[in-house]
Every structure is written in structure tokens, then in C-alpha cells.
Amino acid sequence: RDHESTVRDLYGDTAAPGQPHATDAERLRIYGRFCQIHREETVDLLFPHSKTVVCAARSQAAWDELLRRYYDAHPMHHFEMCHNAQAFAEFLGEAVSSQAMGPLPDFLGDLADLEWWEWQIAVAPSADETSGRQDQGPLRLSDTVELRAYRYDILEWLKKDPRPPAPPPRENFLIYWRDRDLDERKDYAQPHELILIKALIEGLLGD
């Protein structure tokens with residue numbers, strides 16, 4: 001809801017200048033702006049490359065409108081600010097497909113998904129790490145491992161300097177994990193690694 005209609009519903013005519021709730025209405029405006037800044041800064045922190053792509057292809061105003069529509073569709077629900085951006089990559093992918101916001105680069109959904117999982121893996125809780133059981137028990141996947149499929153070669157594109165306007169289309173799998181130094185890692189998943197992951201998930205390797 002915009003500020004004016006919210007104030008009208010809360011205070012009626014008593015929020016006009018000189019009226020009893022005029023100060024309350026102004027405090028609500030400050031608080032609303034404070035929350036908006038936090039929402040914007042959170043997404044800018046998690047998706048810096050996605051923002052750069054949208055601003056270059058369209059404008060800062062287009063990015064701001066994407067954020068507004070996202071939070072309209074996915075209101076804040078978690079005390080940890082970054083968790084509220086959980087659906088943003090999927091939201092961008094749908095915006096690209098539907099063109100509801102006008103034309104956006106086709107690779108935007110892949111790029112946003114990569115940025116989201118970089119953060120997810122960096123902060124993911126790990127029972128193995130907290131319990132010290134990394135080297136105990138049967139062969140298994142670390143609980144920080146994530147496998148994602150992409151239609152564009154985002155990883156190689158991000159390494160380029162200067163960076164081309166768009167990554168080349170190339171279907172690939174990226175595997176994300178956290179190493180023993182607790183650093184977030186990612187790399188292309190090779191065919192033999194995909195087979196091994198499938199075998200581990202299905203319990204085909206035994207103890």
C-alpha cells in the first residue's frame with residue numbers, strides 16, 4: 001500500500017497538518033522509507049550482476065520497478081533480510097519469459113539463480129561441520145552440495161574481463177559446495193561426477 005492510502009485508513013482526517021495524528025503519519029513515512037531502503041539494499045547485495053545487466057539493458061527505473069513488483073508478490077516474511085529474496089531469481093526468470101516488464105535478457109534468470117546459490121551455499125548450515133563428522137560414516141554428499149542446470153555459460157562469462165554483453169548459450173550443470181575452509185565453491189559438474197552424485201543419492205554405493 002502507498003503511504004497516503006495507509007495513513008487515510010489508519011487515521012482518517014486526523015493526520016492532516018495540525019491534527020492529532022500528523023506526527024504519527026510523518027513517522028510512518030520515515031519508517032516506510034527505511035524499510036524500502038533495506039529491501040533495495042538486500043537485493044542489490046545478493047544480485048549485483050543481475051542489477052548491472054538490467055540497468056544496462058533497460059534502466060535503473062526498470063530495476064526499481066522489478067523490485068517493487070517482486071515485493072508486492074512476495075512480501076517480507078523473515079527476520080533475516082536476505083531470506084526474503086528467496087524467490088527473486090525465479091521471479092526474474094518468469095519476467096523474462098512473460099515479458100510482463102518488457103524485454104529482458106534471456107540469460108537473466110540463470111544469472112540470478114547463480115548469484116542466489118552463491119549466497120545460499122556460503123551461509124548454509126552443515127551438520128557435518130558443526131558436529132565434526134566430515135570424515136566419519138559412509139561415503140555421502142556434503143549437506144552443502146547443490147547441483148543446478150543452466151542454459152547459458154554464466155560461470156565462464158563472469159570471469160571475462162572485459163565481459164561480453166551476454167554469455168554464450170550452452171547447457172551445463174554447476175555444482176556448488178563449501179570446502180573445508182568454509183569457502184563457497186562452484187564448478188562445472190563433469191559427467192562422471194553426475195553419475196557419482198546420482199549413485200550417492202540413490203544409495204547405490206553402500207557403506
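Data for the structure
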read-out: Table column - 3J(HN,Hα) (Hz), the range 94-101, Karplus curve with 6.51, -1.76, 1.60, x for Gly and Pro; value: 5, 5, 5, 5, 7, 6, 5, 9
read-out: For peptides 173-182, 103-112, 75-84, sequence by mean Cβ density within 10 Å, most packed first; value: 103-112, 173-182, 75-84
read-out: Relative contact order, percent, the range 1-116 [alpha-carbon distance under 8 Å, six or more residues apart]; value: 22
read-out: Projected label distance in nm at Ala57 and Lys198, using a 7 Å step from Cα toward the beta-carbon; value: 3.2
read-out: Straight-distance crosslink candidates among aspartates and glutamates, where the alpha carbon sits under 13 Å from Lys159 and sequence neighbours closer than 8 are dropped; value: Asp187
read-out: Size of charge dipole - the chain - debye, nearest 20, with Cβ of Lys, Arg +1 and Asp, Glu -1, no other charges; value: 380
read-out: C-alpha long axis of helix 191-201 to longest principal axis of the chain, angle in °; value: 80
read-out: Length-normalised contact order for the chain - Cα pairs under 8 Å, 6+ apart - percent; value: 14
read-out: Taking N as its residue count, the alpha carbon Rg of the chain over 2.2 N^0.38 Å; value: 1.33
read-out: Full-stretch length increase - Asp64, Tyr31 - with 0.36 nm per residue and alpha-carbon distance subtracted; value: 10.0 nm
read-out: Nitroxide proxy distance, nm - points 7 Å out along Cα→Cβ at Asp161 and Leu182; value: 2.8
read-out: CD proxy at 222 nm, helix term only [per DSSP H run n ≥ 4: -39500 (n - 2.57); per residue of the chain; nearest 500]; value: -16000 deg cm²/dmol
read-out: Using alpha-carbon coordinates, inclination of helix 48-57 to the longest axis of the chain, degrees; value: 70
read-out: Modelled FRET efficiency - R0 30 Å, Ala122 with Leu10, Cβ distances, 0.05 increments; value: 0.15
read-out: Accessible-area order (highest first, 1.4 angstrom probe) of the listed residues Glu115, Glu90, Glu26, Glu65; value: Glu90, Glu26, Glu65, Glu115
read-out: Extension gain, Met76 back to His49 (0.36 nm per residue minus Cα-Cα distance, nm); value: 7.5 nm
read-out: Computed lengthening from Ser142 to Glu90, 0.36 nm per intervening residue step minus Cα-Cα distance; value: 16.2 nm
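The values are calculated or read from the model by the stated rules, or taken from the named source; none is laboratory data. As the structure is a prediction and not an experimental result, all values here were calculated from the model. Every residue, glycine among them, receives a Cβ derived from its backbone with ideal geometry; neighbour counts consider all protein chains shown. Keep in mind that these areas ignore ligands, DNA and RNA; they rest on the heavy atoms of the full protein, side chains included. Shrake-Rupley method; radii C 1.70, N 1.55, O 1.52, S 1.80 Å.
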